[in-house]
């Protein structure tokens with residue numbers, strides 16, 4: 001006797017619930033994590049620690065997507081870009097989402113236990129931020145700031161694991177990455193602005209209004225400034241500065257993309273931030289080699 005459950009379809013739905021088919025979020029979380037590990041280890045991170053953090057990035061980004069879709073399950077069917085998500089279509093249930101979220105948190109906790117004990121309290125803060133972020137869209141126009149903090153917690157965690165301390169450089173990178181995250185997630189929110197206004201979801205794209213492009217440009221400029229200060233503090237050389245120059249060029253291109261505030265163009269600008277993170281890491285890697 002069979003249970004009547006199509007397990008292939010169910011596993012596919014769970015994978016899409018974790019957004020494994022759309023790895024952009026993994027990259028956006030991974031690049032600053034790698035920046036931090038390379039800065040903390042002066043270019044020679046411990047292979048075991050590196051492996052734990054790479055796995056942790058995948059697990060926590062997946063967990064964040066699951067709890068986000070659980071929180072937005074009543075909104076997503078009314079937004080053009082999200083109406084095919086598994087909870088919106090009924091391919092997965094809210095109970096399954098919560099069970100999957102809990103399982104992913106357990107896996108993340110197991111990974112953290114492989115690291116220095118000083119990482120654990122930082123990891124708990126990261127987990128809380130990732131959990132509450134989706135619900136802040138109902139109460140504040142600044143959920144992107146909460147997301148930025150969640151996406152930046154891997155930086156002090158990396159320093160604590162690799163160097164055994166969290167110096168000023170780590171917190172400078174934390175703030176820098178938070179600013180960058182607000183910039184690119186505002187571009188992401190620009191793609192949904194009309195739908196969000198209609199259904200009552202708040203975002204920085206709505207808050208900034210006609211000033212959105214100017215604020216994004218300012219945040220991108222501050223991101224470059226923060227990375228420049230990090231380079232100066234750590235004595236980085238020409239290759240690092242070339243990486244920042246490439247990142248600056250990509251920011252200019254994003255501004256060109258969003259000049260008419262078209263939703264699809266804003267989403268494409270958001271996706272380009274993968275290459276911003278890659279350019280900074282490539283410069284850092286080459287410089288340290």
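The values are calculated or read from the model by the stated rules, or taken from the named source; none is laboratory data. Since we're looking at a predicted model, the values are computed, not measured. Note that we place each Cβ from the backbone using ideal geometry, even for glycine, and neighbour counts take in every protein chain shown.
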Quiz item: Based on what the data block shows, is residue 37 over 19 Å from residue 135 (Cα atoms) and surrounded by 23 or more Cβ atoms within 10 Å (Cβ to Cβ)?
Solution: yes
Exercise. Could you tell me whether residue 48 is touching a residue at least 60 places away in the same chain (Cβ under 8 Å), assigned to a helix (DSSP H, G or I), surrounded by 18 or more Cβ atoms within 10 Å (Cβ to Cβ) and at negative phi?
Key: no
Quiz item: Given the structure, is residue 127 in contact with a helix residue (DSSP H, G or I) (Cβ under 7 Å, 6 or more places away or on another chain) and surrounded by fewer than 20 Cβ atoms within 10 Å (Cβ to Cβ)?
Solution: yes
Practice problem: Name every residue in the stretch 183-214 that is within 18 Å of residue 149 (Cβ to Cβ) and either part of a helix (DSSP H, G or I) or touching a strand residue (DSSP E or B) at 6+ places or on another chain (Cβ under 8 Å) (or both), in order of residue number. | Solution: 183, 184, 185, 186, 188, 189, 204, 207
Quiz item: Within the stretch 61-93, restricting attention to residues that are in a helix (DSSP H, G or I), surrounded by fewer than 19 Cβ atoms within 10 Å (Cβ to Cβ) and in contact with a helix residue (DSSP H, G or I) (Cβ under 6 Å, 6 or more places away or on another chain), which residue is modelled with the lowest pLDDT?
Solution: 78
Self-check item: Where residue 192 falls short, out of the listed (1) modelled with pLDDT under 95; (2) closer than 17 Å to residue 272 by Cβ
Solution: (2)
Quiz item: In the stretch 256-266, is there at least one residue being loosely packed, with under 15 Cβ neighbours inside 10 Å, in contact (Cβ under 8 Å) with a residue 40 or more places away in the chain and assigned to a helix (DSSP H, G or I)?
Solution: yes
Self-check item: Filter result for the condition that a residue is assigned to a helix (DSSP H, G or I), more than 20 Å from the chain's Cα centre (by Cα) and surrounded by fewer than 22 Cβ atoms within 10 Å (Cβ to Cβ), over 231, 226, 221
Solution: 231
Quiz item: Does any residue of the stretch 243-253 turn out to be over 17 Å from residue 221 (Cα atoms), free of Cβ contacts under 8 Å to residues at least 60 places away in the same chain and touching a helix residue (DSSP H, G or I) at 6+ places or on another chain (Cβ under 8 Å)?
Solution: no
Practice problem: Test residue 180 against the stated conditions and say whether it is assigned to a helix (DSSP H, G or I), within 18 Å of the chain's Cα centre (by Cα) and surrounded by fewer than 21 Cβ atoms within 10 Å (Cβ to Cβ). | Solution: no
Practice problem: Just name the residue that is surrounded by the most Cβ atoms within 10 Å (Cβ to Cβ) out of those in the stretch 130-166 that are without any contact (Cβ under 8 Å) to a residue 60 or more places away in the chain and assigned to a loop (DSSP other than H, G, I, E, B). | Solution: 153
Quiz item: Does residue 170 count as in contact with a helix residue (DSSP H, G or I) (Cβ under 8 Å, 6 or more places away or on another chain), within 30 Å of residue 232 (Cα to Cα), in a helix (DSSP H, G or I) and modelled with pLDDT of 95 or more?
Solution: yes
Exercise. Determine the pairs where a residue that is within 15 Å of residue 271 (Cα to Cα), located within the stretch 167-195, has a partner that is outside any helix (DSSP H, G or I) with Cβ atoms under 7 Å apart, the partner being 6 or more residues away or on another chain.
Key: 189/203; 190/261; 191/81; 192/79; 192/81
